[in-house]
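One structure is given below, encoded as structure tokens.
The values are calculated or read from the model by the stated rules, or taken from the named source; none is laboratory data. On a predicted model such as this, the values are computed, not experimentally measured, just so you know. We place every Cβ from the backbone using ideal geometry, glycine too, and count neighbours over all the protein chains shown. Please note that ligands, DNA and RNA were not included when accessible areas were found on the heavy atoms of the full protein model with its side chains. Shrake-Rupley method; radii C 1.70, N 1.55, O 1.52, S 1.80 Å.
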Amino acid sequence: MQQQATTRVSLTSLLGTVITDAEGQVRGKLKDVAVATGPDAGKVAGLVLKTRSGLLLVPSHEVRETPAGTLELRSPETLTPLNDQGNYLYLSQDLVDRQIIDIHGRKVVRVNDVDLEWTGQGSAHLLRVAEVEVGLRGAFRRVFKGVLPRATLESLSRKFKDRGIPWQFVDVIEVDPARRVKLRIEYERLADMHPSDLADILEDLAPAEREAVFTSLDEEVAAETLEEVDPKLQKSLLEKLDEEKIADIVEEMDPGAAADLLAELSEEQSDAILEEMEPEERQEVSELLEFDENSAAGCMTTDFVYLGLDATVSQVGPALRSFDGDPENVTEIYLLDEKRVLRGTVPLVRLVMAQPETRLLVLTDPRVLSCPADLSQDELAEIFDKYNLHALPVVDAQGRVVGVVQADHVISFLREKL
């Protein structure tokens with residue numbers, strides 16, 4: 001089978017190109033390139049011509065590039081008036097100079113140009129989007145377009161390092177009827193990202209794009225991401241959502257982080273969100289809101305894994321599988337008596353070589369560390385530093401465990417003090 005010929009061309013160099021028919025009569029100039037969205041995202045739907053009678057659209061397969069550098073229209077009958085009913089993305093109007101998310105690089109970039117490819121042989125030519133240019137190459141083309149001949153411009157631009165993003169990593173944009181660009185990331189791609197990466201991306205986006213990305217996340221991913229951004233941005237991300245939607249997200253958050261978030265909102269909004277939450281989650285968060293935010297209880301989570309004094313190693317697996325919190329934060333199992341008083345702590349690493357029938361009480365640390373609920377965060381940080389802790393149980397006046405402080409909360413507190 002004969003291999004298809006491929007010729008790459010930039011959007012910048014194509015724009016303004018004269019389009020003629022087979023008899024050489026000028027039909028217009030290239031104004032833009034229309035790309036499909038939805039299931040056909042990235043497919044060039046047609047070329048937009050600027051003519052004396054207005055804007056016309058022609059399918060890309062009805063146009064071929066000539067040796068002279070012009071575009072030739074195979075059949076004038078294929079020209080149709082451009083209307084706004086087609087759900088197209090216009091590369092020049094909607095993409096160039098816009099901020100997009102580079103899914104592969106996990107960062108926000110600005111589009112300087114778009115590289116396209118002519119594929120096919122003979123009279124059968126197809127135009128497809130190859131990649132989005134975000135480096136100096138695209139910027140150079142746009143600055144010197146009209147100053148340098150097209151061939152020279154293309155040749156010199158290729159001397160700049162290629163900083164292109166393959167189109168499959170940019171298939172994230174859709175246009176609404178108001179001609180605003182929304183970023184629509186496939187959930188599978190976002191789910192693969194670490195919440196910290198998503199938080200960094202949201203911080204770099206403009207407000208409209210930030211809102212579009214955040215609202216595209218499901219509740220669990222949104223909750224994890226929300227925990228990673230600062231309080232001001234948290235409020236900004238939630239202000240366009242109704243209380244029911246916010247409640248769905250807050251329910252997926254760590255209870256301590258959820259309480260911190262609600263404490264930053266007005267009492268009226270906080271109460272409205274709590275009212276929409278499920279009873280169990282509402283009670284957990286409401287109890288945490290009663291604590292001083294500068295105390296150990298104010299930064300603890302009520303999500304931790306515990307078992308009774310008679311528990312064995314074989315019961316740890318089911319307990320972890322039924323745990324509703326983040327399993328990555330679990331570093332130890334707590335042993336509580338019938339009054340929820342802390343009687344022992346078992347590091348997970350000790351369970352690796354233990355026999356299933358071994359009682360957890362045998363594997364506990366000889367010294368059980370905990371702290372009172374009203375301990376200041378400064379004193380809490382000193383304890384974590386002194387004993388090199390990953391987590392620390394918080395107890396009330398009767399010695400009952402009310403929560404656990406994780407090391408990352410202490411680290412965040414110390415960073416804020418710098």
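Under unit Cβ charges (Lys, Arg +1; Asp, Glu -1), what dipole magnitude, rounded to 20 debye, does the chain have relative to its Cα centre?
It comes to approximately 3620 debye.
Can you tell which of Cys299, Leu262, Ala272 lies farthest toward the positive end of the dipole of region 251-300, using +1 and -1 charges on the Cβ of basic and acidic side chains (Lys, Arg; Asp, Glu)?
Most positive-ward Cα: Cys299.
Between Lys240 and Ser322, with labels modelled 7 Å along Cα→Cβ, what's the label distance in nm to one decimal, could you check?
It works out to 4.1 nm between the two label points.
Over all Cα pairs of the chain, how is the pair count split among 20 Å bins, expressed in % and running from 0 up to the last occupied bin?
22, 38, 24, 15, 1
Distance from the Cα centre of region 17-78 to that of region 247-318, in angstrom?
Cα centroid to Cα centroid, the span is 59 Å.
So, with a 1.4 angstrom probe, what is the percent of accessible area on region 276-418 that is carbon and sulfur?
Percent of accessible area from carbon and sulfur atoms in region 276-418: 48.
Give me the dipole magnitude in Debye, nearest 20, for region 329-376 about the Cα centre, with unit charges on the beta carbon: positive for Lys and Arg, negative for Asp and Glu.
80 debye
If you plug each phi of region 138-154 into the Karplus form 6.51 cos²θ - 1.76 cosθ + 1.60 with θ = phi - 60°, what whole-Hz ³J(HN,Hα) values come out, in order, with x for Gly and Pro?
x, 5, 4, 4, 6, 5, 9, 5, x, 8, 10, x, 4, 4, 5, 4, 5
Which value in Å does the Kirkwood hydrodynamic radius of region 269-407 take, with 1/r averaged over all unlike C-alpha pairs and then inverted?
It is 16.0 Å.
Can you tell which of Pro366, Pro255, Pro207 shows the greatest fluctuation in a Gaussian network model of the chain with Cα springs below 10 Å?
Answer for the Gaussian network model of the chain: Pro366.
Work out the charge dipole of region 306-379 with +1 on the Cβ of Lys and Arg and -1 on the Cβ of Asp and Glu about the Cα centre, then indicate which of Gly317, Leu336, Gln355 is farthest towards its positive end.
Going by the Cα projections, it comes out as Gln355.
May I ask you to give the solvent-accessible area per residue for the chain, in square angstrom, as obtained with a 1.4 angstrom probe?
53 Å²
Using +1 at the C-beta of Lys and Arg and -1 at the C-beta of Asp and Glu, which of Val405, Leu380, Leu202 has the Cα lying farthest in the positive direction of the dipole of the chain?
Most positive-ward Cα: Leu202.
Determine, from the Cβ-Cβ distance of His61 and Val18 and an R0 of 25 Å, the FRET efficiency 1/(1 + (r/R0)^6), rounded to the nearest 0.05.
Rounded to the nearest 0.05, the efficiency is 0.80.
Which value at 222 nm does the chain reach when only helices count, each DSSP H run of 4 or more adding -39,500 (n - 2.57), with the total divided by all residues and rounded to the nearest 500 deg cm²/dmol?
-9000 deg cm²/dmol
Taking the Cα centre of region 328-412 as origin, work out the dipole magnitude from +1 charges on Lys and Arg Cβ and -1 charges on Asp and Glu Cβ, in debye rounded to 20.
Here the size comes out at about 400 debye.
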